[in-house]
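Before any comments, here is the structure.
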Amino acid sequence: MPADEQLKPSPERGRSAVQSGTLTGLSFLTVSGAAAVAGAFLAHKFGRDVRTDGFMAAYGVYLVLVLGAQSFRMVVVPDLTRAAGQGLLGDEFRAYVIAFVVVAIPATLVVAAFPGFFGELVTGRLPHESALIAGRALPWLVPAAFGQLLAALAASALAARDSYLVAAASFALGAIGGVSLFVLLADRHGLVALAWGLALNAVLAVALPATALVLRGGRVRRGRVPVELRRRLWRLLLGAAVPLAVQGIYVIGLRFAAGTGTGNVTSLSYAYLLAAMFVSATAFSLSLIAAAPLTRRGVDAESAADHVVHTAWVALAFVGAATGLVALVGGRVVTAALGDAYAGKVGDQLGRLVVYLAPWMVAWAAFSITYPLLFVMHRTRFLIPIAVAGVLVDIPISIAGRAWWGLTGVTFAMGVSMTLIVLGLMAALSRRTLMLALAGLLRLSVLVGAATAFAFGGASLLLDAVPAAAAGLGLYALILVAVRELGLAEAWHHVRALR
């Protein structure tokens, strides 16, 4: 693609990081809202039993690949941004598409050929009926997940041009279309209709950004950028290793949760989705729109640590409020949304699980912000060892957590393992980045945690749950305003300055 055929400057180029982050965050909230509607419909219609446990186990595999795909957006944006600067964005995009398809087609065919084997594999100790449901869903969920990977790649190509609106709209449209199909077909076809809806979601998520790339002049001329399949696959493996390990921790958590009682896999799945939604709408969204400008600007050890701490400040300020609300009214909301199967102790347990995932949320926010910096700064040497070590260490931690505190211990184990991975990534950037970022994040966690506990916990001592939630939210906001000079004001300025 010669210089005169480069993609035209995006009309969004002047939009601030806060505006772009807000659009991306709203897209994630729409996706999460659609997932919540699907989850609520599933709970009301199918309850909480061995069938839902089986489907959720298969859905965990889908989440591993999809959240890994979303994380890969942070990885590939620096590469595509550099290619865009050289007038080779379309060719670089094409090379990555070929690499993804080479992996996706064989994986899909293998899962489709042996659904029973993979159904038994992901359900572990659950009854055979759970394995049958998982086996029916996986042949649809695996290609749907790879479709989301292609959608993430297309969104990354647009991000390299500072264009975020089209990708945000496509993910939101796909989520709405997918849940609509599930609702329409659930009566006749059961739980597998949700897998079909997720497949439709992937198709819609890919179509809009791919069309935008073509319409905006993204013609590709063969030969400008060699495919170099082996190098692309290695880059894919390198970029996906840690995100997949991170999501692998979740799948391991599901396996250990299966041994704590029927229905606990489903409860942990819903709690995890809520926790992931809080972080994705904040830290993950901001990290996506920061990758391209940081690539152009350049980053050193000190500025990398500043970026991690400042962005985490803005993100976790919102996460703290959401966690406090869930702590007070989560059980009631869960029961109202998911039905009688989640009433009483089950609903309260699910709300508490979200709170117990607070260490995981802090670590996931730090991961979302830190991970793209390794590719911006070309510090990728230790990614695969960190990924392997993270999964291996998580197993004994999960065993100890479950033995110590059952399902609650499993959730804490996820947070501990996630924290260890993040510390490894920061150390891979540099020792100085690790020291500065760790000190800043510890201070931030204490401030946000104390503000959340004082505001919402204090309000709960004086008021009933619903008025306490409203009062706690107001008090929490006042506390953040009062302590803004301890880093929040500077963090807000840092995020607003990103372009």
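Read the figures in this text as sums done on the coordinates, not as results from a lab. These numbers come from a predicted model, not from an experiment. Glycine also receives a Cβ, built like all others from the backbone with ideal geometry; neighbour counts cover every protein chain displayed.
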Given the -39500 (n - 2.57) contribution per DSSP H run of 4+ residues, what per-residue ellipticity at 222 nm results for the chain, rounded to the nearest 500 deg cm²/dmol?
-29000 deg cm²/dmol
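Does the range 26-149 come out rounded, prolate or oblate, given a ≥ b ≥ c as the square roots of the eigenvalues of its C-alpha gyration tensor, rounded meaning a/c under 1.5 and, failing that, prolate meaning a/b above b/c?
oblate
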Place a label point 7 angstrom from the Cα of Leu273 along the Cα-to-Cβ direction, then list the residues of the range 138-182 whose backbone nitrogen is under 11 Å away.
179
Taking the Cβ of Arg235 as the center, what net charge do the other residues with Cβ under 12 Å away carry, scoring Lys and Arg +1 and Asp and Glu -1?
0
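Between Leu461 and Leu486, what length in nm is gained on full extension when 0.36 nm per residue of separation is reduced by their alpha carbon distance?
Here the segment from Leu461 to Leu486 would lengthen by 6.2 nm.
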Quickly work out the Arg297-to-Ile399 label distance, labels modelled 7 Å from Cα along the C-beta direction, and quote it in nm with one decimal.
4.6 nm
Net charge dipole size for the chain [Lys, Arg +1 and Asp, Glu -1 on Cβ; Debye, nearest 20]:
1040 debye
The range 124-173: trypsin sites (Lys or Arg not before Pro) in DSSP coil with no more than 13 other Cβ atoms inside 10 Å:
Arg125
Only Cα pairs under 8 Å and at least 6 apart count here; give the relative contact order of the range 373-486 as a rounded whole percent.
19 percent
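Just check the chain against the gyration tensor rule for me: Cα atoms, a ≥ b ≥ c as the square roots of the eigenvalues, rounded for a/c under 1.5, and otherwise prolate or oblate depending on whether a/b exceeds b/c.
oblate
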